[in-house]
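J.: First the structure, then my questions, so here it is.
What follows is calculated from the coordinates using simple rules that are stated; it is not laboratory data. Worth saying up front: this structure is predicted, and the values here are computed from it rather than measured. Cβ placement follows ideal geometry from the backbone for every residue including glycine, while neighbour counts extend to all protein chains displayed.
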């Protein structure tokens, strides 16, 4: 009885294994559908992204050099002004009184000079008649020179008072647009320590600049004259253009992050851009035009059955043909070495050859993932075929094809569905060799 149970248990176990194997084989041999994209000819641009602030090229803060009360304003926000135009007027009452006082002091100094001159002349005449001593003559001369000095001092004081009176009239130092007004009529301006800012004038808002903060890791790629595009939140659908005009050497350090200020010249003919706007900047640091390019996603793809495909390659395949006639100076395609490595040693090979074959395979895989050598998979008669090429310029979307048998219009595989997927490693036969270190990305 116990033996019968064991037999039935063994039979059930065999049936389960057979059924499981059947389903596993059907799943592994399920039809695979490949997603492809065409190789085309176009431009590839490498860019750096940053943020910045829009500023006027020249901004002047208009202040007051004298204290007083604002009596009149002749300009407001957004007022267009020309150089020398009247902007504001301080109450001149005190300053005019000071001018009058200095004029009176000047008149008194002149009178003192005249009196000292007459006294000196009388003393000189008396000295010729021996009625006064030489000391009296010297004293009279000293008094005359002192009076003349006081006269010059009074003249200078009057000039200073008149200058201060002129300072009570605030004029525009440059032509431009008033972008800020910080005072109102009746407000007292105190200029005892520093000149208070009354107005801020932007020279010409049709020419602006972006002050962009570029990370220290990217600043080495930025050069004067490089084209720039940027967007602002106010016009999310509009793209504006600029040119790098200056790279400032002084670093900006904030929370251990080092950035450098890059100045970008911008034309603003429609006056859409305003000072203070935040700009999202894209600096074009390198560009290739009209080159053969492959979608970057194609480089990340590996067929689910790559090991079987490579092991089944025969002499004369597309990849082999490419390996036979590589471009001048180019190393042999990685696929050829990889295929030989995955086939294993020939029957007549010794153990040393087996180790060399494994080393060749590892070296080939390293070539495909390092340096300028890369590979993609193309569909040939409905089956994936690996093609190697030399990479050129690369951005986040495309990679340039420098040397290869690939041509524009060919379709490269970028993904697959059905069958075994490298994204589901649990369904892969553990006894089959795996292709590449990371599978399909």
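J.: Working out 0.36 nm times the residue gap between residue 256 and residue 193, then minus their Cα-Cα distance, what length gain in nm do you get to one decimal?
T.: 19.1 nm is the gain from fully extending residue 256 to residue 193.
J.: I'd like the distance separating the alpha-carbon centroids of region 57-115 and region 239-259, in whole Å.
T.: A separation of 42 Å, based on Cα centres.
J.: Additional query: Say a paramagnetic label sat at a point 7 Å from the Cα of residue 59, along Cα to Cβ; which residues of region 259-288 have their backbone N under 11 Å from it?
T.: Taking a point 7 Å out along Cα→Cβ of residue 59, the residues of region 259-288 whose backbone N falls under 11 Å are 275-277.
J.: Under the classification rounded if a/c is under 1.5, otherwise prolate if a/b is larger than b/c and oblate if not, where does region 32-121 fall, given a ≥ b ≥ c as square roots of the Cα gyration tensor eigenvalues?
T.: prolate
J.: Give me the distance in nm between label points sitting 7 Å out from Cα along the Cα-to-Cβ direction at residue 38 and residue 231, one decimal.
T.: Distance between label points: 2.8 nm.
J.: On to the next question. Give the calculated FRET efficiency between residue 125 and residue 171 to the nearest 0.05, with a Förster radius of 41 Å applied to their Cβ-Cβ distance.
T.: Result of the calculation: an efficiency of 0.15.
J.: With the crude spin-label approximation of a point 7 Å out along Cα→Cβ, what separation in nm comes out for residue 80 versus residue 207?
T.: It is 1.7 nm.
J.: Further question: Got the relative contact order for region 92-167 handy, in percent, Cα pairs under 8 Å and 6 or more residues apart?
T.: Reported relative contact order: 51 percent.
J.: Another one. Cα atoms only: what Rg and Dmax, in Å, come out for region 92-167?
T.: In order Rg, Dmax, the Cα atoms of region 92-167 give 17.2, 57 Å.
J.: Express in nm, to one decimal, how much length is gained between residue 69 and residue 411 on full extension, taking 0.36 nm for each residue of separation and deducting their alpha carbon distance.
T.: Length difference between fully extended and current span is 115.3 nm.
J.: Continuing with the same structure: For 96, 400, what's the fewest-to-most ordering of other Cβ within 10 Å of each Cβ?
T.: Going from sparsest to densest Cβ surroundings: 96, 400.
J.: Taking neighbour counts of Cβ atoms within 10 Å as a proxy for exposure, in what order, fewest first, do 193, 87 appear?
T.: By the 10 Å Cβ count, ascending: 193, 87.
J.: Once you keep just the Cα pairs under 8 angstrom separated by 6 or more residues, what percentage relative contact order results for region 147-258?
T.: Once divided by the residue count of region 147-258, the mean separation gives 17 percent.
J.: Under a crude label model (7 Å from the Cα following the beta-carbon direction), how far is residue 7 from residue 162 in nanometres?
T.: The answer from the label model is 13.5 nm.
J.: Give me the number: length gained by fully extending residue 238 to residue 103, i.e. 0.36 nm times residue separation minus the C-alpha to C-alpha distance, one decimal in nm.
T.: Working it through step by step, the gained length comes to 42.3 nm.
J.: Just order 219-226, 143-150 by mean Cβ neighbour count inside 10 Å, highest at the front, would you?
T.: Going by the mean number of other Cβ atoms within 10 Å, highest first, we get 143-150, 219-226.
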